[in-house]
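Visitor: Quick one: structure below, then a few questions.
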């Protein structure tokens, strides 16, 4: 095999590999886009509501009791909220955010003694 043939062979191999990767990337992009355009669990009334949904995000189960033009009244299942204050004087403080995340993580994973345990798959 000559050097020229080796180069041509390499070009074909790289072209084939990049085509395969591009097709996979386009398929992944199409799947993610479809999640936003056709959400499974959200009854969007407007395009804006549909675009604001977050696919695959676990949400609290609820039943819509009443709908109005600008709001709806929901009956929600009970849930828990855990929050931590981020220390910092001016704007966002990365050190404070890290400390707050660690406090919440310890709480979620049971380091703090509590009377109930939160499922680890819940949204935070």
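Visitor: Surrounded by 12 or more Cβ atoms within 10 Å (Cβ to Cβ) and modelled with pLDDT of 80 or more: does that describe residue 72?
Guide: Considered against the rule, which asks whether it is surrounded by 12 or more Cβ atoms within 10 Å (Cβ to Cβ) and modelled with pLDDT of 80 or more, residue 72 comes out as yes.
Visitor: If residue 81 meets every condition in (1) under 28 Å from residue 109 (Cα atoms); (2) at pLDDT 80 or above; (3) surrounded by fewer than 10 Cβ atoms within 10 Å (Cβ to Cβ) apart from one, which number is that one?
Guide: The number of the failed condition is (2).
Visitor: Further question: What's the number of the condition residue 99 fails, among (1) surrounded by 13 or more Cβ atoms within 10 Å (Cβ to Cβ); (2) modelled with pLDDT of 75 or more; (3) assigned to a loop (DSSP other than H, G, I, E, B)?
Guide: Exception for residue 99: condition (3).
Results for (1) at pLDDT 90 or above; (2) over 30 Å from residue 104 (Cα atoms); (3) over 19 Å from the mean Cα position of the chain (by Cα); (4) surrounded by 10 or more Cβ atoms within 10 Å (Cβ to Cβ), shown as yes or no for each residue.
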{"residue": "15", "(1), (2), (3), (4)": "yes, yes, yes, yes"}
{"residue": "24", "(1), (2), (3), (4)": "yes, yes, yes, yes"}
{"residue": "37", "(1), (2), (3), (4)": "no, yes, no, yes"}
{"residue": "41", "(1), (2), (3), (4)": "no, no, no, yes"}
{"residue": "46", "(1), (2), (3), (4)": "no, yes, yes, no"}
{"residue": "51", "(1), (2), (3), (4)": "no, no, no, yes"}
{"residue": "61", "(1), (2), (3), (4)": "no, no, no, yes"}
{"residue": "85", "(1), (2), (3), (4)": "no, no, yes, no"}
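The values are calculated or read from the model by the stated rules, or taken from the named source; none is laboratory data. Just so it is clear, the model here is predicted, and its values are computed rather than measured. Note that we place each Cβ from the backbone using ideal geometry, even for glycine, and neighbour counts take in every protein chain shown.
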